[in-house]
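Written below as structure tokens is the structure these notes are about.
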Amino acid sequence: MNTLPLIQKIRKVFPLMLVVLLAGACDVYQHQSYTISAFDQKACQAITENTVDSLFTANLEEINPVWSDTLVTPTLINALRDSLTIRGQSVVDQETAYLIVPYSTFNDVYFTFNSSADQVVLFVDNSVDIQVWKNDGTQLFPDQTSIPLETIASCPTIITRAEFSGVKGETLLQVRRNDQTKKDVFHLVILKK
């Protein structure tokens with residue numbers, strides 16, 4: 001039995017079958033487009049526009065050399081809040097960006113933060129760690145720190161995004177350098193959720 005004609009037929013039909021199978025499989029991988037949320041777009045515009053409030057900051061030791069960020073107590077928080085208020089180192093939830101400029105090398109900076117909302121989202125154009133302290137010494141942890149893929153794709157300027165609950169009223173905001181921090185000066189936007 002001669003198998004040569006059968007092999008020749010398979011060689012002619014196989015490429016055609018392969019094309020049909022691949023064409024059918026391409027429907028599974030359709031192109032989809034994603035859109036940044038209006039909320040995150042507002043933060044992106046605030047960070048990338050030139051309209052900013054500049055805030056020159058000092059770290060804890062520059063405000064008072066005996067203070068240490070390793071011992072956060074209600075007494076320290078209240079004294080620090082009063083010192084920051086006198087220095088004008090205060091931020092609020094608004095739709096414009098703050099340009100944060102540390103007086104010296106940026107390791108950590110503190111601000112008083114007064115919010116009219118219970119939930120806020122903080123956006124930063126740098127990789128930083130954010131901590132919020134209530135006046136009684138309670139630390140508030142972020143509810144969420146992930147950035148939606150739509151935001152990453154549409155606004156690569158936003159590097160840090162942290163959502164906090166329970167911030168209504170006056171709190172203390174700490175922004176710290178981490179091992180991925182690229183620059184000493186950064187933009188901060190705080191939006192009510």
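A short reminder: the numbers here are calculations on the coordinates, not readings from a lab. Owing to the predicted nature of the structure, the values given are computational and were not obtained by experimental measurement. All Cβ positions, even for glycine, are placed from backbone atoms using ideal geometry, and neighbour counts span all protein chains on display.
Summary table
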item	result
Nonlocal amide H pairs with residue 53, under 5 Å, H built at 1.01 Å	97, 98, 99
Packing-based ranking, highest mean first, of 123-130, 36-43, 166-173 given that Cβ atoms within 10 Å are counted	123-130, 166-173, 36-43
At q = 0.16, 0.17, 0.19 Å⁻¹, base-10 log of I(q)/I(0) for segment 38-192 (Debye sum, equal scatterers on each alpha carbon)	-0.85, -0.96, -1.22
Relative contact order (%) - segment 39-148, alpha-carbon pairs under 8 angstrom, separation at least six	33
J(HN,Hα) series, segment 174-185, from Karplus relation 6.51 cos²θ - 1.76 cosθ + 1.60, nearest Hz, glycine and proline x	10, 10, 10, 5, 10, 6, 10, 5, 9, 9, 7, 9
Amide H within-cut-off set for residue 117, under 5 Å, with H built and near neighbours excluded	169
Sites residue 103 and residue 35 - FRET efficiency at Förster radius 45 Å, r taken between beta-carbons, to 0.05	0.65
Distance between modelled label sites at residue 94 and residue 56, nm, 7 Å Cα→Cβ extension	1.9
Spin-label pair residue 150/residue 64, simplified geometry with 7 Å Cα→Cβ offset, distance in nm	4.6
Under 18 Å from the residue 82 label point (7 Å along Cα→beta-carbon), backbone N, segment 136-163	136-137
Most to least packed among 155-163, 55-63 [average Cβ atoms within 10 Å]	155-163, 55-63
